[in-house]
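Here is the structure we will look at, set down as structure tokens.
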Amino acid sequence: METPAVALVRTPLYPLHVAAGAKMVPFAGHEMPVQYSGLRKEHEAVRTAVGLFDVSHMGELWFSGAGAKDFLQHQLAGDLDKAAPGRALYTCLLNEQGGIVEDLLVYGFEDRFLLVVNASNRETVVRRFEAALPSDVAFDDESDRTALLALQGPASDAVMQAVGLDLRQLKYYHHREASLCGVPVLIGATGYTGERGFELYVPADKAAMVWSILMEAGKPHGIVPCGLGARDTLRLEKGFCLHGNDIDADHTPVEAGLGWTVGWKTDFIGKDAIVGQKAAGPETRLVAFRMKGRGIPRNGYAIVNEVSEAIGTVTSGTQSPSLGEAIGLGYVPAAAAAKGSTLWIAIRDKQIEAEVVSLPFL
């Protein structure tokens, strides 16, 4: 008996994507645009001008009440004091073994917190929070009522000025509430591309209007709609981790090079497991590498040593549009993780030489 197909969720912007000729693909239970005019063109637009992404598949979880900060501080590895009103924090939710259940953003307000989580992990994260929620904390999952647009690139400020919002003083990892043509929006300078830009949280029923306004205002600045393909190459060039590829519940922030996201003086679930690992040094590390021979590394490819023994696995890899060379991330033993070390990537029936490098690539 065949298993019935699971219906994909469509964001409020789906009709606009189809009308613009986007190639739609399944992603984290959603039907999302992977590209419009082509990955390279979209990638270059974000690096040199401006691009607009639909990332409405992300989850938005709100916490309020007298105990909200203490509750989240125990649940999350980061220092919640860094999510002061008007500021944002990138950190992780860990399991008891220190593995990364989720990486997320925390937006701080005077009387509440917003957590932005990955679509693929939303249900898992919600179940965990609901199971532990104390009586003095109110929780609201607004994911289905919220759309998220990401305006990214050096011309982002000019586009926002064209719609009546001067955000030039909004610093990286800060946020503010505003009105865009009568629509209430939360704007965060917390993009995933490494470029200047903004993430706009808008009511789902206003998403199409806001998208159209931004696309029209961006025309003089070379704006293009961008898909998940460009989002992936952009984030990888900057060394940003993707949950499910580069980080997961089997790897800790110490192994992944994300120790900087941890509030080591705070108490949180999973702390005991990673304090010792930090002190002793992890046995395995996530490294960045660039290919020295011809070949593009892909998720799941084996990383081998000089005698062809498998020592690790590629977690992310691509041909970098900006650099014109193949790059990747992967876990290897700590002894093989030093900058300048040589690795080999098993690509089909060949083993292609690669060099461990520092992040970011670009």
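The values are calculated or read from the model by the stated rules, or taken from the named source; none is laboratory data. Bear in mind that the values here come from a model prediction, so they are computed numbers and not experimental data. Glycine also receives a Cβ, built like all others from the backbone with ideal geometry; neighbour counts cover every protein chain displayed.
At a glance:
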read-out: Filter result for the condition that a residue is closer than 22 Å to Lys265 by Cβ and among the small types (Gly, Ala, Ser), over Ala45, Ala28, Ala68, Ala49; value: Ala68
read-out: Test: residue in the stretch 167-177 that is surrounded by 22 or more Cβ atoms within 10 Å (Cβ to Cβ), under 18 Å from the mean Cα position of the chain (by Cα) and in a strand (DSSP E or B); value: yes
read-out: Selected residue (criterion: surrounded by the most Cβ atoms within 10 Å (Cβ to Cβ)) from residues of the stretch 325-362 that are of a type in the set (Asp, Glu) and outside any strand (DSSP E or B); value: Glu325
read-out: Which numbered condition Val275 misses (of (1) outside the structural domain of Ala83 (by TED's automatic domain parsing); (2) β-branched (Val, Ile, Thr); (3) surrounded by fewer than 17 Cβ atoms within 10 Å (Cβ to Cβ)); value: (1)
read-out: Tally of residues being free of Cβ contacts under 8 Å to residues at least 12 places away in the same chain, out of contact with any strand residue (DSSP E or B) (no Cβ under 9 Å at 6 or more places or on another chain) and more than 25 Å from Ala158 (Cβ to Cβ) across the stretch 8-52; value: 1
read-out: Unique residue being surrounded by fewer than 23 Cβ atoms within 10 Å (Cβ to Cβ), over 22 Å from Leu148 (Cα atoms) and in contact with a strand residue (DSSP E or B) (Cβ under 6 Å, 6 or more places away or on another chain) when the list is Val55, Val101; value: Val101
read-out: Residue tally, condition within 11 Å of the chain's Cα centre (by Cα) and either assigned to a loop (DSSP other than H, G, I, E, B) or of a type in the set (Lys, Arg) (or both), over the stretch 218-238; value: 2
read-out: Subset tally (residues that are touching a helix residue (DSSP H, G or I) at 6+ places or on another chain (Cβ under 8 Å) and either among the small types (Gly, Ala, Ser) or modelled with pLDDT under 95 (or both)) for the stretch 265-287; value: 1
read-out: Of all residues making up the stretch 126-147, the number that are part of a strand (DSSP E or B) and either of a type outside the set (A, V, I, L, M) or touching an Asp or Glu at 6+ places or on another chain (Cβ under 6 Å) (or both); value: 4
read-out: Strands (runs of 3 or more DSSP E) lying entirely in the stretch 29-104 (those with 3 or more residues that are under 19 Å from Leu200 (Cβ atoms) and in contact with a helix residue (DSSP H, G or I) (Cβ under 8 Å, 6 or more places away or on another chain)); value: 30-35, 51-54, 59-64
read-out: Total residues in the stretch 11-28, condition loosely packed, with under 15 Cβ neighbours inside 10 Å and assigned to a helix (DSSP H, G or I); value: 3
read-out: Qualifying residues in the stretch 179-207 (those that are of a type in the set (Ser, Thr, Tyr) and assigned to a strand (DSSP E or B)) - the one nearest to Val50 (Cα to Cα); value: Tyr201
read-out: Pick from the stretch 301-321, criterion outside any strand (DSSP E or B) and closer than 30 Å to His43 by Cα, ranking: farthest from the chain's Cα centre (by Cα); value: Tyr301
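One line per residue, one yes/no per condition, for (1) assigned to a helix (DSSP H, G or I); (2) closer than 30 Å to Leu13 by Cβ; (3) at pLDDT 95 or above; (4) assigned by TED's automatic domain parsing to the domain that holds His17:
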residue	(1), (2), (3), (4)
Glu216	yes, yes, yes, yes
Gly263	no, no, yes, yes
Asn299	no, yes, yes, no
Leu323	no, no, yes, no
